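Notes follow the structure.
Read-outs: derived from the displayed coordinates by stated rules, not from any lab. None of the values given here were measured: they were computed from a predicted structure.
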Amino acid sequence: GGGGATADQVIAGLKEVVARVHAHGIKIICATLTPSGGTNADGLANYGTAETNARRVAVNQFIRTSGTCDGVADFSAVTEDPANPGHLLPAYDLNSSVGGPGDHLHPDRAGFLAMARAVNLNQLERFARTARSRRAG
C-alpha cells in the first residue's frame, strides 16, 4: 500500500493477526494486494511507486508461499496486467469503484467481480462445515 510500512512490518502484522485468529480456532483466507502502478490521483501520491510495488510483491510472495494462511485469494493474479506488471489490467481500470475515471488503484466493478471469483467457495464451504462440526460436537 501507500503507507510507510516495510514489507517485513506488514508480514509481521499479518502473522500476528493470523495467529490471533487461529488461537480462536478460526480459519483465515488471506488475499494478495492488488497493483497500483500509475496512481496519480490527489492524496494517493504514496501509491504506485516502484518502492511500494516492490513491497507489494514481497508481501504477496509471503501470502502465496508461506503457508501462514489457511487459503489464499490471489487478487493480484486476477487484476494485474501481465503486459505491464505492477499495474491494473486496463479492463479493470476504466471507471473507479469510487466514481470517476480509473485512478489506477481502485478496480472498477468488473475488477471486483474478478476478485470475487478468485475466492475459492469450495474452500469456504469446507471451513464452514468444519466449524459447524466443532460447534455440534
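The figures follow:
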read-out: Helix axis angle, 7-23 relative to the chain longest principal axis, alpha carbon, degrees; value: 30
read-out: Degrees between helix 121-136 axis and first principal axis of the chain (Cα, 0 to 90, nearest 10); value: 30
read-out: Residue-averaged 222 nm ellipticity for the chain, from DSSP H runs of 4+ at -39500 (n - 2.57), nearest 500; value: -14500 deg cm²/dmol
read-out: Rg/Rh for the chain, where both radii come from Cα atoms and Rh is the Kirkwood radius; value: 1.03
read-out: Acute angle (nearest 10 degrees) that the helix 50-65 long axis makes with the longest principal axis of the chain, alpha-carbon atoms; value: 20
